[in-house]
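Working notes for the structure below.
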Amino acid sequence: MILRALTALSAPAGERSRLSVFYFHRALARPDPLLPSEPDAATFDRMLGWIGSQFRVLDPLDACERLFAGTLPSRPALVTFDDGYRDNFTVALPILQQHRMQAAFFVSTAFLDGSMMFNDRVIEAVRGCTAQSLPLPGPDGEVRRSVPVRDLAERRVAIDLILAAIKHLPPAQRDERVLELERAAGATPARGLMMDPGQVAALHRTGMRVGGHTRTHPILLALDDAAAEREIGGGLDDLAAMTGERPLLFAYPNGKPGSDFDARHVSMVERAGCHYAFTTQPGAASRASRRYELPRFTPWDRQRTKFGLRAWRNLAVDR
Ligand SMILES: [Zn+2]
C-alpha cells in the first residue's frame, strides 16, 4: 500500500521518528443528525482500519517514552479520546479490542455522576425541545433574540449559534444561560451521557490508559492559578481514586496553546506528576517536541485515501 510506504518514509524508526496522535470524542452507537461530525460505530471501525493499515498503533505511555528515547518503530501512532463519554466504554472499547489497539482516554471527572458538560446540555435541550424557538444570548450574555428550532436544519444552526454565544462567558453566567435554555426548551435533560466511575475503573483494568482532563473541563486560561491547579490536580486525584493508579498522561481541555492554556498550566501538569501532555495543535511529535505539549490531529475525511493523505501530510507539520 502506497500510503503505508509514504508514511514509513516520513516517520522512520528510531531517533528521526515522528509520532502521530489521533483524537476522538465520541463513537456513537448510531448516527446522530445533531452530531454530524461524530463517527458512529461503523465509521469508527472503518477509521481504525485505515489507521491500522497505514500506522502502527502503540500503547500511549510506552510510545511517549520511546519517542524521547529514540526507539520508536516506523509509522508510530496513538489513538486518544477526550472527555469521558459513556460510548467510549460501550462502543469504542470493543472496537479497539477487535483491532487489538491500545488507546488513552482523557476523562473530566466532575461529570461521572450523571451530569453533563454545558455543550451537551445545550444539544440535549435543543433535541428535546417542544418550543418553536429558543432564547439566543448576545456576546455580553444577555438574551435579546430568539432562534427558531422547528426542524432538524434549524436545530443544527441553533446549536451552533447558542454554543458560540455562551462558550466564552464566565462559567457561572454560562450555566445560568444553559438553565434558562433548558427551561425554555421544556425538555427533560438526557442522563448518563458520560461514563460512571465503575466504567472508568473497568476501562483501566482492560489495559487502556486513563489520563487527566481536569474536573470540570474549564478553559484553564480563564481561571486564577489556584483554581487551575485544583482542576488539574483534583482531576488526577479523582481518577487515582477510581482506578488505583495516578495517571501519567494529561490532555488540556480545548487544547489550544495561548488561548486555552499557557506555560503556567504546563508547569502545573508537570508538578502534578504527569509525564506527558497533549494539546489539540495539529502536527506530529518528534524527539525535539515538548513533552507537555504533544500535538494531536485527526483528519475529518470519511473517505480512505483522503483520510490517509491528510494524516500523512500532517507528519510534515513540526511541533
Ligand atoms: Zn475535552
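Figures for the structure shown
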{"quantity": "Number of positions in the range 66-112 that are within 16 Å of the ligand (Cβ to nearest atom), surrounded by fewer than 19 Cβ atoms within 10 Å (Cβ to Cβ) and without any contact (Cβ under 8 Å) to a residue 60 or more places away in the chain", "calculated": "0"}
{"quantity": "Looking only at the range 121-176, and only at residues there that are modelled with pLDDT of 90 or more and acidic (Asp, Glu), the one that is surrounded by the fewest Cβ atoms within 10 Å (Cβ to Cβ)", "calculated": "ASP151"}
{"quantity": "Any hit, the range 135-143, residues being β-branched (Val, Ile, Thr) and either more than 16 Å from the ligand (Cβ to nearest atom) or closer than 21 Å to SER37 by Cβ (or both)", "calculated": "yes"}
{"quantity": "So PHE44, is it crowded, with 18+ Cβ neighbours inside 10 Å and part of a strand (DSSP E or B)", "calculated": "no"}
{"quantity": "Selected residue [within 16 Å of the ligand (Cβ to nearest atom), of a type outside the set (Ser, Thr, Tyr) and either without any contact (Cβ under 8 Å) to a residue 12 or more places away in the chain or assigned by TED's automatic domain parsing to the domain that holds VAL21 (or both)] from PRO253, PRO299", "calculated": "PRO253"}
{"quantity": "All positions within the range 270-319 that are over 18 Å from the mean Cα position of the chain (by Cα), farther than 22 Å from ARG230 by Cβ and assigned to a loop (DSSP other than H, G, I, E, B)", "calculated": "SER286, ARG287, ALA288, SER289, ARG290, ARG291, ARG302, GLN303, LEU315, ALA316, VAL317, ARG319"}
{"quantity": "Any chance SER267 is assigned to a helix (DSSP H, G or I) and surrounded by fewer than 21 Cβ atoms within 10 Å (Cβ to Cβ)", "calculated": "yes"}
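The values are calculated or read from the model by the stated rules, or taken from the named source; none is laboratory data. Predicted, not measured: the structure shown is a model, and the values here were computed from it. As a convention, Cβ positions derive from the backbone with ideal geometry for all residues, glycine included, and neighbour counts pool all protein chains shown.
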